[in-house]
Amino acid sequence: MRRARAAVAEENALVAEQAAPVNIGDASKRSGVSAKMIRHYESLNLLASVARSDNGYRKYSERDIHTLRFIKRARDLGFSMAEIAELVSLWLNRRRASANVKRIAQAHADDLTRRIGEMQAMQQALTNLINCCHGDQRPDCPILEDLARTVPSPFAGEG
């Protein structure tokens, strides 16, 4: 019985602690976002106006921490800050149309596909150049010669 009471008391203390506003260090730990980035997101107005204590320190609510986690996940997926601002706005708007969210996500996925294709072309061009280089003691190097060209070589692809 004592253990059960202790467990309930511990759980209640944890819930109360989580409900109480926290400083930027604790918000950083709980959200996985550095204090520097939290300040940056505030400067971009991605967070609602953060409360301040009497001594001027920022105090972050559970909602702020949830928003920081949302932003972190969006950054992890490679969304731009402008896209994240729009996504946060849509997330907070319960009357949003999911079509708007899908449009942003699809545009981002299309951009990633394009960039992956460009990177694969760069990798192939570089692989071709590496295969042309003897990599020995001789000073001549097809890689450097290609980089010095004003007209792209057939190995370099576009660009």
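The values are calculated or read from the model by the stated rules, or taken from the named source; none is laboratory data. The structure displayed is predicted, hence computed values, not measured ones. We place every Cβ from the backbone using ideal geometry, glycine too, and count neighbours over all the protein chains shown. Protein only, heavy atoms only, side chains kept; ligands, DNA and RNA dropped before computing areas. Shrake-Rupley method; radii C 1.70, N 1.55, O 1.52, S 1.80 Å.
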Please work out how much accessible surface Arg39 shows to a 1.4 Å probe, ignoring ligands, DNA and RNA, in Å² rounded to 10.
110 Å²
I want the local charge near Glu42. Using Cβ-Cβ distances under 13 Å, sum +1 for each Lys or Arg and -1 for each Asp or Glu among the other residues.
+4
Kirkwood calc, region 35-148, C-alpha pairs only, radius in angstrom 18.1 Å
Could you look at region 43-158 and say what percent of its accessible area is carbon and sulfur, using a 1.4 Å probe and all protein chains?
53 percent
